[in-house]
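**Q** Have a look at this one before I ask anything.
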Amino acid sequence: MDKEKLSRLYSFSTTEIQKLTTELYEELHDEKGSPRLEWEPVLNDVRKYKRLVIQELEAVKVALKEFLEHHEHS
């Protein structure tokens, strides 16, 4: 893996996090733009967001680890 590929992987993951953040914001509001007030649905949306963001952050860590391991043996 070269630095350009690592950068593309970083870009992909951070773009996904931005997309997920926008989606969460939209999910936290009803069709009229009012904030949702139901505890369980909001909690579930936050949990889903957290899980998906953690996956993207883990992907960043894995990509860097693979890059470093590859260049360590070069």
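The values are calculated or read from the model by the stated rules, or taken from the named source; none is laboratory data. What you see is a predicted model; the values in this text were computed from it and never measured. Positions of Cβ are generated from backbone atoms using ideal geometry, with glycine treated the same way; all protein chains shown enter the neighbour counts. Heads up: the accessible areas ignore ligands, DNA and RNA and are worked out on the full protein's heavy atoms, side chains in. Shrake-Rupley method; radii C 1.70, N 1.55, O 1.52, S 1.80 Å.
**Q** How many Lys pairs in the chain lie less than 19 angstrom apart by Cα atoms, where the lysines are 8 or more positions apart or on different chains?
**A** Lysine pairs satisfying the spacing and distance rule in the chain number 7.
**Q** Additional query: Let's see if you can work this out: charge +1 on each Lys and Arg Cβ, -1 on each Asp and Glu Cβ, no other charges. What is the dipole magnitude of the chain about its Cα centre, in debye to the nearest 20?
**A** With Lys and Arg at +1 and Asp and Glu at -1, about 140 debye.
**Q** What relative contact order, as a whole-number percentage, does the chain give when Cα pairs under 8 Å and 6 or more residues apart are counted? Don't skip to the answer; put the middle values down first.
**A** Numbers: 35 pairs, mean separation 36.5, N = 74.
It comes to 49 percent, rounded to a whole number.
**Q** I would also like to ask the following. Report, in deg cm²/dmol and to the nearest 500, the calculated mean residue ellipticity at 222 nm for the chain, where each DSSP H run with n ≥ 4 adds -39500 (n - 2.57) and the sum is divided by the residue count.
**A** -28500 deg cm²/dmol
**Q** Would you mind telling me the share, in percent, of accessible area of the chain contributed by carbon and sulfur at probe 1.4 angstrom?
**A** Working: 3500 of 5960 Å².
Taking all protein chains in place, the chain shows 59 percent carbon and sulfur surface.
**Q** Looking at PHE12, TYR49, LEU68, which one has the Cα that reaches farthest to the positive end of the dipole of the chain (charges on Cβ: Lys, Arg +1; Asp, Glu -1)?
**A** Going by the charge dipole, the pick is LEU68.
**Q** Just to check I understand the Karplus step: with θ = phi - 60° and J = 6.51 cos²θ - 1.76 cosθ + 1.60, what whole-Hz values come out for the range 48-53, glycine and proline as x?
**A** Each residue's phi maps through the Karplus curve to give 4, 4, 4, 4, 5, 5 Hz.
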